[in-house]
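The structure appears below as C-alpha cells.
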Amino acid sequence: MILDGKCPSGPIETSWDRARFENKLVNPSNKRKYKILCVGTGLAGGAAAASLGELGYSVHAFCYQDSARRAHSIAAQGGINAAKNYPNDGDSIYRLFYDTVKGGDFRAREADVWRLAQVSNNIIDQCVAQGVPFARDYAGYLDNRSFGGAQVSRTFYARGQTGQQLLLGAYSALSRQIKAGTVKLFPRREMLDLVVVDGEAKGITVRNLCNGEIESHWGDAVIIASGGYVNVFYLSTNAMGCSVTAQWRAAKKGAYFANPCFTQIHPTCIPQHGEHQSKLTLMSESLRNDGRCWVPKKAENCEKPAGEIAEDDRDYYLERKYPSFGNLAPRDIASRAAKEQCDDERGVGPGKRGVYLDFEDSINRLGEGTIAGRYGNLFEMYEKITDENGYKQPMRIYPAPHYAMGGLWVDYNCMSNIPGLFVLGEANFSVHGANRLGASALMQGLADGYFVIPYTIAGYLAQTKPGAVTTDAPEFKESAESVKGEMDKLLSINGTKSPSALHRKLGSLMWENVGMARSEESLKDALAKIPAIRDEFWSDLKVVGSGEVFNNQLEQAWRLADFLEFAEVLCHDALNREESCGGHFRTEHQTDDGEAMRDDENFCYAAAWEFKGAGNTPELHKEPLKFENVKLAVRSYK
Amino acid sequence: MKLTLHVWRQNGPDEEGRLETYDAPAVSPDQSFLEMLDDINEVLVTEGKDTIAFDHDCREGICGMCSQVIDGVPHGGMDRTTVCQLHMRVFNDGDEVFIEPWKAKAFPIVKDLVVDRGALDTIIQAGGYTSCHTGGVADGNALPIGNPTAEYAMDAAECIGCGACVASCPNSSAMLFTGAKVAQLAVLPQGEVEAKRRVNMMLEAGKELGLGNCTNHYECQASCPKGVDVKFIAKLNREYIKALL
Ligand SMILES: Cc1cc2nc3c(=O)[nH]c(=O)nc-3n(C[C@H](O)[C@H](O)[C@H](O)COP(=O)(O)OP(=O)(O)OC[C@H]3O[C@@H](n4cnc5c(N)ncnc54)[C@H](O)[C@@H]3O)c2cc1C
Ligand code: FES
C-alpha cells in the first residue's frame, strides 16, 4: 500500500500556517468533555499533557517512573536548537530546515521538518517564561553555542543539564494543570495494550507497577510519547526502563512501525568496562568542540600511555578524513570512523575498543579554568566512572546506541494509521530521517508537545462524539484478560534464565550484527538467531516474585518480550533497505573510501511495517518522499 | 573483593520489614553500586528467591530515581554522588555494608528499598511554577537576566528531586527541596510576579503532608547528591517573611 503523509501542498514557507487554519476547532465549552490519554511525561508527553490541559481538555497522563519529572529526557546534556539567529551568524528558519533535511540524509518529510524549524523559536520563549535557567552572557542575553557539526551557533543550553531543565519546565506546567484538575497523573503505570474499538484508538490497558493491578482506561484519543527503543541493543545510553513496549503494543494492534532500522550510534560514550555492565554513559558531544579525536598511527603503540605517544605518531583521523568539519563531523560519520580505527587494531584501552578525546591543545590555548567552566560536570562524571582525570590524560570514548530515528508511522498531523492514535517525540519517525542532528530531539519533543498536537488533535476530536466509547465496551475486558494471561504465562515458565541474561544475549547479537554496520549476511544471521532467543525466553525464563506486588524482574521480562518481537522487524527493515544512509550503513553499499552510498532511485521512501505475528515477515507499506525545497544531494562533510 | 550486605527487605507498605544478610563474593572495583546489586539479584534468581527491589532508571545521577541509605547515609556519603554513580572502588575487601530505604513518614515503603515520594510532586503542584500559558509569551531575550542571577537560579535548579534531603533530616523536612524551587523562581523576573503566593502555597502543602520544619541541622546539604546549598533555605525564609509583610 502507498501511504499518504497528508502533507500540505503549496509553498513550504506557509504550509504550517495554512494547515493550522484549515484544521477544525473544538468548541471551547466542549473541550472538557473530551478525555485524552497521554502515555509518557517526557518532553513530548509532558508538554502535550500540560498544553492540552490548559486548553481545557480532560487529560490522563501515564508514566512508568514514580514521578513525571524522571522521564529520560532528563538525561539530555548538550542543548536545544532554535533558529533565533541571536548571534547574527547567518541562521534562519530556512537554514535550520535545510540542515535538518540534509543531516537526516534525505529520509524525512520536508513539511514536518519545516514546521519543526518554524516553531523552534517559540519553544525558547516558552521555556524562558517557565523559568528555565538557560545560560546567559554578562549583558543578560541568552547564550548560544555551536553543537554537533552545525556551522552556526543555534544551540541554547543550561549548563550540562539542558534536558533536565527543559523537562522540569514541562513538569512544572504539567503540575500546574494537575493542581487545576485538568490533568490527572498515573505514575508507576506501564501501558501494555492499546484498545482499538471499531478501528479507532479508544483506550489503553496498563499495569499498576506497585500493586500489580491491571487497569482499563478509556479516552477519546490516545497519545503515545514513550521515547525511543535503542535498549533493543541492551547496552545503550538510554535509561534502564526505556523500552519499545508502548509502541510495540500499538504496532500489534495494527499501527505501522516506520524505519525501525534508523538507529543512531553516538560517538562519544564512555567505553564498556566489563561483562556485568548495565548501561553506557554518554559524554555530551559538545566535548568535540574542544576535544580532538585520535588513535595511535601504529598498532604497537596502542598499549602505551597516551602521553608517551609522539605527536607525529598520532592519527587525528577525523581531521584527516573530513578537513572541513574535522572533530565536529556528524554523529553517524564520527561513530563509523571510530569503529574503523578500532577494527584496524588501533583502538585504545581495555579490549582496544576506544579512541582518545584529547583536550590538551584546548587547555594550552584557553586554560584549564575555561575548559572546566564549559564541561566541568562532564569531566567530573568521567572521573567518577573511570577513575581517570580527563584534564591530565585524554578521555577514552567509544560509540554506543543512543537514539531511535525510527518509530511509529504518523502523518503530518502526528496521527498514526489507526485513527485517534497520536505519536509524539522520539516515539514517532517523522523529522530526523536517517540521522538526527545534535540538540534536535529536545526541540522535536517540545515542538510536538507544545505547538503541534494542540492544533492537530482538534482536527480528529472535532469529528468524534466525546465519551462515545468507555470501558463498558467489550474490547476493554478482552484486552485486560489477555494482559493478565500474559502475566500469568511469564510468571509460570519457571525456567532457569533471568530476564537480564536473555536481554544481554539479544543485545549482543543486535550490536554485533545490526549495530554500526550491517550486511545481508549479518542481518540474515540475526534473523535466524532471534527466534531461537525468543523460544529460549518463552521456555526457559525465570521470573521470581509475584504479579501482585512491585516486581522489577517482571517489568524487565515483559519489556524484553516485546524487544524480542520488535528486533525481527528492525532486521527486516535493515535487510530491505539496500542502501547506506545516515545511521544505517550497509557494507555492500559504500564508496571505495568507505563513505555511505545512498540510493535515491529505489529507496527514497519511508518504510512502514505492518506486524504479521512473531516469526512472520512483516508487510511493507511505502510512503514516497518528495524533495521540492532541498535538492537531493550527496551528503558530504569532507 | 568480598563484601557482606545487610539489606532491608519488606514485602509491602503494611508488612513488617527486616534486615537480611547476603554475601557479595566477587565485586569488581569498576562496578557501580547498583551493578553490584544486579549481580546479587542474578544469584537470587537462580536460587528462585525474590530479588531485592530498588528504584533506578538513568543510572547517570540525573533522574533522581535511585534512593538508598548506605551505612546510614542517603546515597552513601560520597560527595555529590547518587547511589547509581557510586562505584565499588570506594569500598574495601571485607566491608559490611548496610542498605536501607529512605525513611520518612511522608515516604511510605512500596517494597524493600522502593518508597513513594509523591509528597515531593504535591509540593511542586502547590505552586512550583510560573503560571504562563503555552504560546503568547514574550521573546526569550525581552527581559535580560544578568549572568549571576541566571547562575544562581541554575544552582537552585540542580535539584534532582530524589528526596535525600528529607531522608537525612531528623525532622523529615523538605525545606531544601522547597527552598531550591522557591529561590530559583523568585530571582527570575518571570517567577517574581507570583513569588508571594508560591512560597505560601508550597510551605502549606509541605505542612499538610507531615513534613517537618528546618532546625538547622544541615544534613540535607551534606547528603544532597547535587550539592544544593542551604543558602536556599535562608532565601526561602526571606521569601516567606516578605510574603507576610
Ligand atoms: C544521555 C542522552 C543525552 C541526550 N542529549 C540530547 C541533547 O543534548 N539534545 C537533544 O536534542 N537530545 C538529546 N537526547 C535525546 C533526547 O533526550 C530524547 O530523544 C528526548 O528527550 C525524548 O523525549 P520523549 O519525550 O520523546 O521521551 P522520554 O523523555 O524518554 O519519555 C518517555 C516517557 O514515556 C513513559 N513511558 C515509556 N514507556 C511507557 C509505557 N509502556 N507505559 C507508560 N509509560 C511509558 C516514560 O515513563 C516517560 O515518561 C539525549 C538522549 C540521551 C539518552
Ligand atoms: S538512577 Fe537516575 S539518578 Fe540514580
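Rounded if a/c is under 1.5, else prolate if a/b beats b/c, else oblate: with a ≥ b ≥ c from the C-alpha gyration tensor eigenvalues square-rooted, which is region A:266-400?
Values: a/c = 1.26, a/b = 1.06, b/c = 1.19.
Here region A:266-400 falls in the rounded category.
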Ballpark to the nearest 100 Å², how much total accessible area do A and B bury together, probe 1.4 Å?
6300
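Normalised by the number of residues in chain A, what is the relative contact order in percent for Cα pairs under 8 Å and 6+ residues apart? Please report the intermediate quantities before stating the final value.
Working: 1411 pairs, mean separation 132.6, N = 638.
It comes to 21 percent, rounded to a whole number.
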Which of rounded, prolate or oblate describes the protein assembly as shown when judged by the alpha-carbon gyration tensor and an a/c cut-off of 1.5?
rounded
Options A:S636, A:P618, A:F603, ranked by Cα towards positive dipole end of region A:597-638, top entry (Cβ charges):
A:S636
Occluded residues from region B:121-136, i.e. those whose accessible area drops by 40 Å² or more once the chain is not alone (1.4 Å probe)
B:D121, B:I124, B:Q125, B:Y129, B:C132, B:H133, B:T134
Quick one: accessible surface of A:R154, probe radius 1.4 Å, all protein chains present, in square angstrom to the nearest 10.
10
When every protein chain stays in place and a 1.4 Å probe is rolled, A:L491, A:L564 sorted by accessible area with the largest first are A:L491, A:L564
As I understand it, the dipole of chain A uses +1 on the Cβ of Lys and Arg and -1 on the Cβ of Asp and Glu, about the Cα centre. Which of A:S92, A:S216, A:S519 lies farthest toward its positive end?
A:S216
Shape call for region A:408-463 from the C-alpha gyration tensor, a ≥ b ≥ c root eigenvalues: rounded (a/c under 1.5), prolate (a/b greater than b/c) or oblate?
oblate
Value of [θ]222 nm, deg cm²/dmol, for the protein assembly as shown, DSSP H segments ≥ 4, -39500 (n - 2.57) each, nearest 500
-11000 deg cm²/dmol
Any idea how far apart A:E300 and A:F21 come out in nm if each label point goes 7 Å out from Cα toward Cβ?
7.4
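I'd like the carbon and sulfur percentage of the solvent accessible area for the protein assembly as shown, probe radius 1.4 Å, heavy atoms only, ligands and nucleic acids excluded.
49
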Rounded to the nearest 10, the angle in degrees between the Cα long axis of helix A:368-386 and the longest principal axis of the Cα atoms of chain A comes to 70
³J(HN,Hα) across region A:154-167 via Karplus (A = 6.51, B = -1.76, C = 1.60, θ = phi - 60°), whole Hz, x for Gly/Pro?
10, 9, 8, 8, 10, 6, x, 10, 4, x, 4, 5, 5, 5
Only sites in a loop by DSSP and with at most 14 other Cβ atoms within 10 Å count here; which GluC sites (Glu not before Pro) in region A:260-327 make the cut?
A:E275, A:E303
Which whole-Hz couplings ³J(HN,Hα) result when phi for each residue of region A:589-594 is put into the Karplus expression 6.51 cos²θ - 1.76 cosθ + 1.60, θ = phi - 60°, listed in order with x for Gly and Pro?
10, 9, 7, 4, 9, x
Sequence-distant residues sharing a close amide H with A:S236 (under 5 Å, placed H):
A:L280
Residue farthest toward the positive end of the dipole of the protein assembly as shown, with Cβ of Lys/Arg at +1 and Asp/Glu at -1: which of A:C293, A:V348, B:A234?
B:A234
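Can you tell me how much longer the chain between A:T496 and A:K477 gets when fully stretched, taken as 0.36 nm per residue apart minus their C-alpha distance, in nm with one decimal?
Details: separation 19, 0.36 × 19 = 6.84 nm, distance 3.27 nm.
Contour length minus the Cα-Cα distance gives 3.6 nm.
Which of the residue pairs A:K252/A:K489; A:K279/B:K111; A:K279/A:K352; A:K497/A:K529; A:K202/A:K505 have a Cα-Cα distance greater than 28 Å in the structure shown?
Check vs 28 Å cut-off fails for A:K202/A:K505.
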So what is the relative contact order of region A:256-358, in percent, for Cα pairs below 8 Å that sit 6 or more residues apart?
32
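Quick one: accessible area per residue over the protein assembly as shown, 1.4 Å probe, rounded to a whole number of Å²? Walk me through the numbers before you get to the answer.
Numbers: 30400 Å² over 883 residues.
Here the residues of the protein assembly as shown average 34 Å² of exposed surface.
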Once phi is turned into θ = phi - 60°, what whole-Hz ³J(HN,Hα) does the Karplus curve with 6.51, -1.76 and 1.60 give for every residue of region A:250-259, x standing for Gly and Pro?
5, 4, 6, 9, x, 6, 7, 9, 9, 6
Run the numbers on region B:62-109: which residues show a drop of 30 Å² or more in accessible area, chain on its own versus all protein chains together, using a 1.4 Å probe over heavy atoms?
B:I62, B:C63, B:M65, B:R80, B:Q85, B:H87, B:R89
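The values are calculated or read from the model by the stated rules, or taken from the named source; none is laboratory data. Small disclaimer: the values here were computed from a predicted structure and weren't measured. Every residue, glycine as well, gets a Cβ built from its backbone with ideal geometry; the counts of neighbours run over all protein chains shown. Only protein heavy atoms, including side chains, enter the accessible area calculation; ligands, DNA and RNA are left aside. Shrake-Rupley method; radii C 1.70, N 1.55, O 1.52, S 1.80 Å.
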